[in-house]
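**Q** One structure follows; several queries about it will come next.
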Amino acid sequence: MDSFIVISLIKVAVLFAVLLTTLAYLQWVERKVIAHIQVRPGPYRVGPHGLLQPLADVIKLITKEDLMPSYVNRTLYLAAPFIAITMALLSICVIPFGPTIEVAGVRTWMQMTDLNIGVLFVLAVSSMGVYGIALAGWASNNKYSLLGGLRSSAQMISYELPLSLAIASPLLLANSLSLREVVGKQAGGVWTWNVLHGPFPQIFAFLIFLIAAFAETNRVPFDLPEAENELVAGFHTEYSSMKFASFFMAEYANMITVSCMATVLFLGGWTPPWPAEYGSRFVPTAIFALAGLVALYHGVNYARRRDKYSLPVFGVIFLAIAALFLLPMVQGWLLPLFWFFAKAGAILFAFIWVRGTLPRFRYDQLMGFTWKFLFPAAMLNLLVTGFLVAWFS
Amino acid sequence: MSESGVPGITVLETGQTETGARRMLLNMGPQHPSTHGVLRLAVELDGEIVTKCVPDIGYLHTGIEKEFEVKTYQQAVTLTDRVDYLAPLSNNLGYCLAVEKLLGLEIPPQAQWMRVMLTELTRLNSHLVWLGTHAMDIGAMTVFLYCFREREEILKIFEMFSGQRMMTSYFRIGGLALEPPRGWHQRIKTFIDSFPSKVDEYEDLLTTNRIWIGRTKGVGRMTLEDMLDLGVTGPMLRAAGLKIDARRDDPYTSYEKFDFEIPIRTESDVYARYQVRVEEMRQSARIVRQALDGEKMKTQMEALIYHFKIVTEGFRVPEGEVYQVIESPRGELGFYVVSDGTTSPYRVHMRTPSFGNLQATPRMVEGTLIADTIASIGSMDFVLGDTDR
């Protein structure tokens with residue numbers, strides 16, 4: 001019993017540290033990717049290639065004056081960011097990142113806890129997150145916030161339906177609500193992943209899930225609650241300092257959660273796309289080695305003066321990581337983690353990519369899209385899957 | 001809610017809907033990301049639907065028209081830059097043409113071609129800012145930065161010519177302010193050669209984009225009659241199907257020697273205005289290329305300022321009054337100049353396109369959604385400096 005508590009506490013600490021760092025650096029990645037889509041360098045001043053920018057942002061947000069407008073509903077106004085951030089961070093604890101590992105003689109799963117209703121837990125918690133936004137909009141005593149909050153509640157409730165229906169079909173295939181078992185059923189290469197797995201490939205469910213996830217996390221093209229050009233900043237117009245940062249972090253935490261969910265439910269979680277015997281264990285080495293060589297090349301033929309020093313260092317680090325992946329003693333836990341983060345990262349990249357490309361929907365179009373197209377499509381997909389699963393089992 | 005305590009905005013009566021719910025009065029601007037400067041819209045909302053909209057202007061009033069009266073004719077050129085700060089050279093041109101008409105001056109053909117070329121670059125500059133901000137209003141943020149990439153090059157060209165990026169004051173009564181700099185021909189040629197492919201890039205992102213079409217097609221509709229009644233001009237009118245363009249109808253500065261199309265559409269919605277302006281960019285690029293290739297441009301440029309004495313010493317303008325119209329990027333820009341025979345104008349009045357276009361706001365947005373209001377405002381392409389003067 002004691003060891004359970006100790007292990008859990010260690011896991012919480014590790015997960016919390018990793019999640020918050022990822023949150024901060026996801027923002028750096030987003031700014032860099034968007035910048036390169038938009039032909040500009042992005043953050044470049046704070047640290048090499050702006051790598052310390054997240055740190056600077058955190059310091060700035062903490063030290064900002066914390067304003068509270070008059071005539072707000074104080075209790076709800078203060079509770080809203082807490083609800084948003086808590087609910088956003090909570091759902092990560094049922095996500096399995098990898099198989100069992102053995103540390104100092106103790107075997108444990110790379111997962112906070114395996115609820116037998118993991119999927120339902122994630123859905124429930126993410127629905128609770130709407131309260132944060134709706135209450136923020138209502139309590140701020142600002143018309144823009146109110147409109148943003150109303151839009152957001154309507155949007156998130158509407159998109160929750162296709163989201164849940166899209167999740168239901170891979171669950172039918174797995175016949176379990178535990179996320180760990182869902183991944184277990186998909187082990188064995190890309191053809192057994194739910195997105196391509198028979199009897200009915202869940203590619204449609206995957207796309208519906210992604211679209212609904214964009215709406216759930218208020219990202220472009222569904223970012224109406226905070227549509228800057230209409231509603232100034234939407235529900236968080238009146239929030240400053242860390243209260244604003246809480247909403248900001250909640251959005252990014254939600255992005256990470258849905259990407260992890262998509263990875264676990266559709267893309268086979270931590271399992272490699274083809275078995276390790278056929279060389280999939282060398283893929284990370286190859287990727288990092290290539291990245292290292294590219295960095296070294298650009299370090300030699302530098303475009304900006306600072307790159308002369310920073311890029312060779314990055315290149316050496318990448319090559320070291322590439323070598324690390326070849327060590328048999330760490331391969332056991334490093335490879336699953338690599339595959340998990342590669343898949344989730346690809347989905348996160350899609351989030352950012354879309355933001356750099358698409359305009360924004362209008363409110364009625366958004367609602368029409370989910371009720372007239374997405375919801376029926378998800379329903380149909382679930383029906384077909386259900387029939388086929390019953391037929392073949 | 002019916003009286004706001006702000007003078008001038010007591011017009012809105014907060015009505016009740018049929019169900020008895022109250023309507024909401026929303027104050028958009030003067031500090032709002034999408035009112036393009038300092039426009040203020042008092043908007044009455046029923047849910048997300050705009051039931052009433054009252055534009056409130058005057059936050060950028062500078063008294064420029066009055067200030068004309070205490071400057072000499074030549075000094076006053078610098079004031080015109082600051083009216084429509086996105087199209088400074090168009091304003092320079094309108095004012096200079098008006099005064100030249102009073103003086104009965106004929107300016108050298110080389111200078112005229114130069115003026116055409118730079119004015120068309122100004123049109124590109126203005127349309128690029130419009131496209132960027134309009135697309136950003138609808139949520140496509142990348143287009144904004146693409147447009148500003150090209151605009152930066154145009155501003156560099158302006159700086160090369162006049163030493164200033166925005167407040168150029170490069171046209172003077174009688175010609176140009178300075179001899180063109182060395183290497184200008186190559187610089188503009190490089191830019192204009194690559195420009196059409198850049199326009200293709202913007203169109204790739206928007207023209208066939210389902211979301212963009214959904215947001216703009218059928219939005220901000222207005223009949224041609226309504227527009228004519230309200231004094232709307234320029235691309236908005238051409239998007240409603242009227243082929244009107246001062247460059248063609250009432251040529252000035254030898255525009256009649258250039259070959260260009262006047263794009264028109266008949267849908268009169270935000271999408272049609274977008275198409276018209278994008279096509280105008282291509283046509284402007286065509287005009288700039290013709291001006292570059294023109295034989296006259298290859299000769300020496302010394303003749304550009306043979307009204308040197310006029311430029312430096314100042315001059316008296318004969319008594320009289322004159323009205324000169326040009327086609328600015330936003331529409332019909334008119335300068336009404338009255339002279340009492342002294343060295344400074346007695347009165348200058350400007351008929352600015354932004355003011356006329358802005359009047360269409362209430363009729364265009366009432367009954368639509370807030371998001372459509374933003375799209376419609378963006379499609380008008382007004383500059384508040386131009387509206388308030």
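The values are calculated or read from the model by the stated rules, or taken from the named source; none is laboratory data. Model, not experiment: these values are computed from the prediction. Cβ coordinates were reconstructed from backbone atoms using ideal geometry, including for glycine residues, and neighbour counts include every protein chain displayed.
**Q** What number of residues within segment B:38-75 are among the hydrophobic types (A, V, I, L, M, F, W, C) and over 20 Å from the mean Cα position of the chain (by Cα)?
**A** Here the count works out to 10.
**Q** Within segment A:339-393, how many residues turn out to be free of Cβ contacts under 8 Å to residues at least 24 places away in the same chain, hydrophobic (A, V, I, L, M, F, W, C) and touching a strand residue (DSSP E or B) at 6+ places or on another chain (Cβ under 8 Å)?
**A** Here the count works out to 0.
**Q** If we scan segment A:299-322, do we find a residue that is at positive phi and not aromatic (Phe, Trp, Tyr)?
**A** The answer is no, given that none of the residues of segment A:299-322 is at positive phi and not aromatic (Phe, Trp, Tyr).
**Q** Out of curiosity, is residue A:10 within 14 Å of chain B (Cβ to nearest Cβ), out of contact with any helix residue (DSSP H, G or I) (no Cβ under 6 Å at 6 or more places or on another chain), closer than 26 Å to residue A:338 by Cα and of a type in the set (A, V, I, L, M)? Outline the logic, then answer.
**A** Numbers: within 14 Å of chain B (Cβ to nearest Cβ): no; out of contact with any helix residue (DSSP H, G or I) (no Cβ under 6 Å at 6 or more places or on another chain): yes; closer than 26 Å to residue A:338 by Cα: yes; of a type in the set (A, V, I, L, M): yes.
Taking the combined requirement at face value, the residue does not satisfy it.
**Q** Now a separate question. Which ones in segment A:8-56 are surrounded by fewer than 14 Cβ atoms within 10 Å (Cβ to Cβ) and β-branched (Val, Ile, Thr)?
**A** Those that are surrounded by fewer than 14 Cβ atoms within 10 Å (Cβ to Cβ) and β-branched (Val, Ile, Thr): A:10, A:12, A:14, A:18, A:21, A:39.
**Q** Could you check segment B:312-336 and list, in sequence order, the residues that are assigned to a helix (DSSP H, G or I) and of a type in the set (Phe, Trp, Tyr)?
**A** none
**Q** Among the residues of segment B:92-115, is any among the polar types (S, T, N, Q) and farther than 21 Å from residue B:188 by Cα? Let's see the steps before the verdict.
**A** Step one: list which residues in segment B:92-115 are among the polar types (S, T, N, Q), which gives B:92, B:110, B:112.
With farther than 21 Å from residue B:188 by Cα added as a condition, the list becomes none.
No, because not a single residue in segment B:92-115 is among the polar types (S, T, N, Q) and farther than 21 Å from residue B:188 by Cα.
**Q** Any residue at all in segment A:212-224 that is under 19 Å from residue A:29 (Cα atoms) and out of contact with any Phe, Trp or Tyr (no Cβ under 9 Å at 6 or more places or on another chain)?
**A** Yes: segment A:212-224 contains one or more residues that are under 19 Å from residue A:29 (Cα atoms) and out of contact with any Phe, Trp or Tyr (no Cβ under 9 Å at 6 or more places or on another chain).
**Q** Now a separate question. One residue is enough: does segment A:29-43 have a residue meeting the conditions over 30 Å from residue A:113 (Cβ atoms) and away from every other protein chain (no Cβ under 14 Å)?
**A** Looking for residues that are over 30 Å from residue A:113 (Cβ atoms) and away from every other protein chain (no Cβ under 14 Å), one finds at least one in segment A:29-43, hence yes.
**Q** Hey, among B:344, B:339, B:376, which residue is of a type in the set (Ser, Thr, Tyr) and buried (at least 24 other Cβ atoms within 10 Å of the Cβ)?
**A** Checking each option against the conditions leaves just B:376.
**Q** Can you go through A:164, A:153, A:178, A:158 and tell me which one is within 14 Å of chain B (Cβ to nearest Cβ), surrounded by fewer than 21 Cβ atoms within 10 Å (Cβ to Cβ) and of a type outside the set (Asp, Glu)? Working first, answer last.
**A** Values: A:164 fails: within 14 Å of chain B (Cβ to nearest Cβ); A:178 fails: within 14 Å of chain B (Cβ to nearest Cβ); A:158 fails: within 14 Å of chain B (Cβ to nearest Cβ).
The unique qualifying residue is A:153.
**Q** Which residue out of A:284, A:336 is more than 14 Å from every other protein chain (Cβ to nearest Cβ), in contact (Cβ under 8 Å) with a residue 60 or more places away in the chain and touching a Phe, Trp or Tyr at 6+ places or on another chain (Cβ under 6 Å)?
**A** A:336
**Q** Let me ask you something else. So which residues in segment A:124-150 are small (Gly, Ala, Ser) and away from chain B (no Cβ under 14 Å), if there are any at all?
**A** A:124, A:126, A:127, A:129, A:132, A:134, A:136, A:139, A:140
**Q** Among (1) within 30 Å of residue B:294 (Cα to Cα); (2) out of contact with any Leu (no Cβ under 8 Å at 6 or more places or on another chain); (3) among the basic types (Lys, Arg), there is one condition residue B:221 misses while meeting the rest; what is its number?
**A** It is condition (1) that residue B:221 fails.
**Q** Related question: Give the residue that is nearest to the other protein chains (Cβ to nearest Cβ), with candidates limited to residues of segment A:369-393 that are in contact with a helix residue (DSSP H, G or I) (Cβ under 6 Å, 6 or more places away or on another chain) and of a type in the set (Val, Ile, Thr).
**A** Taking the candidates together, the pick is A:370.
**Q** Which members of segment B:22-42 meet the condition of being of a type in the set (A, V, I, L, M), facing chain A (nearest Cβ under 10 Å) and crowded, with 20+ Cβ neighbours inside 10 Å?
**A** Correct list: B:28 only.
**Q** Can you name the helices (runs of 4 or more DSSP H) wholly within segment B:146-258 that have at least 3 residues being within 14 Å of chain A (Cβ to nearest Cβ) and among the β-branched types (Val, Ile, Thr)?
**A** B:210-216
**Q** Considering only segment B:337-389, how many residues are within 14 Å of another protein chain (Cβ to nearest Cβ) and assigned to a loop (DSSP other than H, G, I, E, B)?
**A** Counting residues in segment B:337-389 that are within 14 Å of another protein chain (Cβ to nearest Cβ) and assigned to a loop (DSSP other than H, G, I, E, B) gives 2.
Rundown of residues vs (1) of a type in the set (Val, Ile, Thr); (2) within 22 Å of residue A:268 (Cβ to Cβ), yes/no style:
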{"residue": "A:130", "(1), (2)": "yes, no"}
{"residue": "A:135", "(1), (2)": "no, no"}
{"residue": "A:144", "(1), (2)": "no, no"}
{"residue": "A:151", "(1), (2)": "no, no"}
{"residue": "A:170", "(1), (2)": "no, yes"}
{"residue": "A:177", "(1), (2)": "no, yes"}
{"residue": "A:186", "(1), (2)": "no, yes"}
{"residue": "A:193", "(1), (2)": "no, yes"}
{"residue": "A:197", "(1), (2)": "no, yes"}
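**Q** Here is a further query. If we scan segment B:111-122, do we find a residue that is in a loop (DSSP other than H, G, I, E, B) and surrounded by fewer than 24 Cβ atoms within 10 Å (Cβ to Cβ)?
**A** The answer is no, given that none of the residues of segment B:111-122 is in a loop (DSSP other than H, G, I, E, B) and surrounded by fewer than 24 Cβ atoms within 10 Å (Cβ to Cβ).
**Q** Can you confirm whether residue B:58 is away from chain A (no Cβ under 14 Å) and more than 27 Å from residue B:172 (Cβ to Cβ)?
**A** Judged against the criteria, residue B:58 is a match.
**Q** I've got another one for you. Against the condition among the aliphatic types (A, V, I, L, M), over 24 Å from residue A:94 (Cα atoms) and surrounded by fewer than 23 Cβ atoms within 10 Å (Cβ to Cβ), how does residue A:134 come out, does it pass?
**A** no
**Q** Something else about it: Which of the residues spanning segment A:356-368 are under 17 Å from residue A:210 (Cβ atoms) and either away from chain B (no Cβ under 11 Å) or buried (at least 21 other Cβ atoms within 10 Å of the Cβ) (or both)?
**A** Those that are under 17 Å from residue A:210 (Cβ atoms) and either away from chain B (no Cβ under 11 Å) or buried (at least 21 other Cβ atoms within 10 Å of the Cβ) (or both): A:358, A:361, A:366.
**Q** If you don't mind, another one. Can you find a residue that is under 20 Å from the mean Cα position of the chain (by Cα) and either modelled with pLDDT under 90 or more than 28 Å from residue B:117 (Cβ to Cβ) (or both) anywhere in segment B:209-220? Let's see the steps before the verdict.
**A** Taking segment B:209-220 and keeping what is under 20 Å from the mean Cα position of the chain (by Cα), we get B:220.
Restricting the remaining residues to those that are either modelled with pLDDT under 90 or more than 28 Å from residue B:117 (Cβ to Cβ) (or both) gives B:220.
Among the residues of segment B:209-220, at least one is under 20 Å from the mean Cα position of the chain (by Cα) and either modelled with pLDDT under 90 or more than 28 Å from residue B:117 (Cβ to Cβ) (or both), which makes the answer yes.
**Q** Please determine, by comparing only the residues of segment A:190-222 that are outside any helix (DSSP H, G or I) and in contact with a Pro (Cβ under 6 Å, 6 or more places away or on another chain), which one is nearest to the other protein chains (Cβ to nearest Cβ).
**A** A:218
**Q** Give just the number: which of (1) surrounded by 17 or more Cβ atoms within 10 Å (Cβ to Cβ); (2) at pLDDT 85 or above; (3) within 16 Å of residue B:382 (Cα to Cα); (4) of a type outside the set (Gly, Ala, Ser) does residue B:92 not satisfy?
**A** Among (1) surrounded by 17 or more Cβ atoms within 10 Å (Cβ to Cβ); (2) at pLDDT 85 or above; (3) within 16 Å of residue B:382 (Cα to Cα); (4) of a type outside the set (Gly, Ala, Ser), residue B:92 violates only (3).
**Q** From the residues in segment B:43-54 that are more than 12 Å from chain A (Cβ to nearest Cβ) and touching an Asp or Glu at 6+ places or on another chain (Cβ under 7 Å), which one is surrounded by the most Cβ atoms within 10 Å (Cβ to Cβ)?
**A** Ranking the qualifying residues of segment B:43-54, first place goes to B:53.
**Q** To continue, here is another question. At pLDDT 90 or above, surrounded by 24 or more Cβ atoms within 10 Å (Cβ to Cβ), part of a helix (DSSP H, G or I) and aliphatic (A, V, I, L, M), is that true of residue B:272?
**A** Judged against the criteria, residue B:272 is a match.
**Q** Six or more apart or on different chains, Cβ under 9 Å: which pairs go from a residue in segment A:154-181 that's in a helix (DSSP H, G or I) to one that's surrounded by fewer than 19 Cβ atoms within 10 Å (Cβ to Cβ) and of a type in the set (Val, Ile, Thr)? Could you list them?
**A** Note: pairs meeting the criteria are A:169/A:384; A:169/A:389; A:172/A:389; A:173/A:389.
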